[in-house]
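Working notes, structure below.
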Amino acid sequence: MYRPTMAEIDLAAIRDNLGAIRACIPAWTQVIGVVKADAYGHGAARVAAVLEQEHVPLLAVATPDEAVELREAGVMTEILVLGHSPPDFVPFAISNNVTLSTDAHATTVMYAAAAGAGTVRLHYKVDTGMGRAGVLADTATDQIMRSSALPNVDIVGLYSHLASAESDLDFTARQTKRFADIVRDVRAGGLQPAMVHLANSAGIFTIHAPPLDGVRPGILLYGLPPAASLAQACAVQPSLSLRTRLEVVKALPTGHGIGYGRTFITGRPTRMGLIPIGYADGYPRSLSNKARVIVRGHFAPVVGRVSMDVVAIDVTDVPAAVPGDPVTLIGQQDGLRITAVQLAELADTIAYEIITGVSKRVPRIYVDRRP
Ligand SMILES: *Cc1c(COP(=O)(O)O)cnc(C)c1O
C-alpha cells in the first residue's frame with residue numbers, strides 16, 4: 001500500500017453495536033444482520049464473519065450476487081436475498097442455504113418450477129405502503145395461501161418494509177397494522193412462517209407493537225442513527241473511519257486560486273495542504289469548500305473543489321502541520337470528531353450514501369479492540 005488513504009473498520013464497534021441493538025429488543029426477537037452493499041461499505045465478508053461468531057441467525061443482502069460472494073468467502077449462516085432473484089438462481093440458493101424473497105404468486109410459481117427436485121426457502125414480501133416490491137396488502141393473504149400450496153417451495157418468512165419509520169409515526173402505525181392483519185390471516189389459514197419481520201433500524205424504535213420474530217438493522221449495526229431524531233435512541237458507535245495523511249504543504253500568496261474552477265481564492269498568505277483522496281474514493285465533490293478534516297488537533301477546512309484524486313485543505317492555522325501528518329476525514333483523531341452524518345448534511349444527502357459510497361480504491365483496514 002503506497003497511498004496512505006484507507007477506511008479503518010472497527011470490528012469491535014460492530015460487535016458492540018449488535019449488543020446494543022439486542023439490548024433494545026425483547027429476548028425472543030432475533031437480529032437479522034443487514035450486510036447488503038458490501039456491509040454498507042465495511043466489507044461484507046469480514047462483517048458477516050463477525051455477525052456469524054456472534055450467533056446472528058440470518059444475514060440479509062440485496063442481490064443474489066452478494067449472497068454468492070458471502071458463500072465464496074466461507075460464510076455459512078443462512079442468507080436472505082431481499083431484492084429480486086431470477087429463477088436461474090434457485091438451484092444455487094437451494095444448495096447453499098440461501099433464502100429468496102418472493103413478491104407474488106406468479107413469481108413463486110416460477111421459483112417452484114426452477115427448484116427441480118429440491119425445495120426453495122422463501123420469505124414473502126408484502127407491500128404495506130412502501131410502494132416498491134412486494135405483494136399489495138389487499139391481495140397478500142390470498143396469494144400467500146395459494147403459494148403455500150405449491151410443491152418445492154417452503155414459505156418460512158413473511159416481511160414488509162417501512163417507508164418512513166424515522167419521520168412519520170402515523171403512517172408507520174398504519175403499515176404496522178396492515179402487516180399484523182396479514183400475519184393474523186395467514187396464520188389463521190394454517191401457514192406458520194417462523195420468521196416474521198418488519199423493523200429496519202428506525203422501526204426498532206418507532207413501531208409501537210412488539211418487534212415480532214426478527215428486526216433488520218443495517219445502519220445501526222454500523223453505528224449511525226437512521227435519522228437525526230433517533231441519534232440518542234440506542235448507544236451505538238460509528239465503525240468506519242476515513243483516514244489519510246498530508247502529502248504536500250505549500251505556501252500560496254494572497255489572491256491565488258485553488259483547484260478546478262478557481263472556486264477558492266486565497267484571502268491571505270496561505271499554507272495549503274494536499275491530501276490524496278478525491279471523489280473517485282467516494283469523498284463527495286459536493287463537499288467542495290464546505291467540509292473540514294482533522295489535522296494535528298485542529299479542524300482544517302477543505303478549500304476549492306474536491307477533485308477526482310486530491311483535496312486541498314487550509315492549514316495556515318495549523319502551523320506545525322507537515323507532510324506525513326495523519327488526517328481524518330470521518331472519525332475521531334486528537335480528541336476531535338467528524339461524523340458521516342455531518343458530512344451528509346453538508347453534501348445534502350444521508351449518512352447511508354456517504355458510507356456506502358467509499359469506493360473500491362480505498363483499502364479497508366480492520367481493527368478489533370478486543371483480543
Ligand atoms: C436496507 C434494508 C434494511 C436496513 O435498513 P436500515 O435503515 O439501514 O436499518 C432493512 N430492510 C430492508 C428490506 C432493506 O432493504
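The values are calculated or read from the model by the stated rules, or taken from the named source; none is laboratory data. Please read these numbers as outputs of a predicted model, since none were measured by experiment. As a convention, Cβ positions derive from the backbone with ideal geometry for all residues, glycine included, and neighbour counts pool all protein chains shown. For accessibility, only protein heavy atoms count, side chains too; no ligands or nucleic acids. Shrake-Rupley method; radii C 1.70, N 1.55, O 1.52, S 1.80 Å.
Some notes on this structure:
- Any chance residue 221 is open to solvent by 40 Å² or more (accessible area, probe 1.4 Å), in a loop (DSSP other than H, G, I, E, B) and modelled with pLDDT of 90 or more: no
- Checking each residue in the range 254-299 for being under 21 Å from residue 360 (Cα atoms), among the charged types (D, E, K, R) and in contact with a Ser or Thr (Cβ under 6 Å, 6 or more places away or on another chain) picks out only 281.
- Identity of the residue in the range 6-44, within 24 Å of residue 244 (Cα to Cα) and touching an Asp or Glu at 6+ places or on another chain (Cβ under 7 Å), that ends up surrounded by the most Cβ atoms within 10 Å (Cβ to Cβ): 44
- Scan the range 153-171 for residues that are more than 13 Å from the ligand (Cβ to nearest atom), over 19 Å from residue 83 (Cβ atoms) and either open to solvent by less than 50 Å² (accessible area, probe 1.4 Å) or out of contact with any strand residue (DSSP E or B) (no Cβ under 9 Å at 6 or more places or on another chain) (or both) and the total you get is 4.
- Per-region count, the range 329-364, residues of a type in the set (Gly, Ala, Ser) and touching a helix residue (DSSP H, G or I) at 6+ places or on another chain (Cβ under 6 Å): 5
- Condition check for residue 324: open to solvent by less than 60 Å² (accessible area, probe 1.4 Å), assigned to a strand (DSSP E or B) and not aliphatic (A, V, I, L, M): no
- Count - residues of the range 226-277 that are in a loop (DSSP other than H, G, I, E, B), of a type in the set (A, V, I, L, M) and open to solvent by 70 Å² or more (accessible area, probe 1.4 Å): 1
- When restricted to residues that are closer than 22 Å to residue 115 by Cβ and of a type in the set (S, T, N, Q), the range 132-150 contains 3.
- Residue in the range 180-224 that is nearest to residue 237 (Cα to Cα), counting only those that are polar (S, T, N, Q) and near the ligand (Cβ under 9 Å from one of its atoms): 201
- Residue check for residue 176: closer than 30 Å to residue 307 by Cβ and either away from the ligand (no atom under 16 Å from the Cβ) or not small (Gly, Ala, Ser) (or both): no
- Options 186, 196; residue that is in a helix (DSSP H, G or I), of a type in the set (Val, Ile, Thr) and open to solvent by less than 10 Å² (accessible area, probe 1.4 Å): 186
- Among the conditions (1) in contact with a helix residue (DSSP H, G or I) (Cβ under 7 Å, 6 or more places away or on another chain); (2) open to solvent by less than 60 Å² (accessible area, probe 1.4 Å), residue 178 misses just one, which is (2).
- Residue match in the range 351-361 (condition: assigned to a strand (DSSP E or B), basic (Lys, Arg) and either within 20 Å of the chain's Cα centre (by Cα) or within 16 Å of the ligand (Cβ to nearest atom) (or both)): no
- Those residues of the range 10-33 which are more than 20 Å from residue 62 (Cβ to Cβ) and either part of a strand (DSSP E or B) or small (Gly, Ala, Ser) (or both), in sequence order: 10, 12, 13, 19, 20, 23, 27
- Subset of the range 330-345 (residues that are farther than 14 Å from residue 298 by Cβ and surrounded by 17 or more Cβ atoms within 10 Å (Cβ to Cβ)): 330, 331, 339, 340, 341, 343, 344
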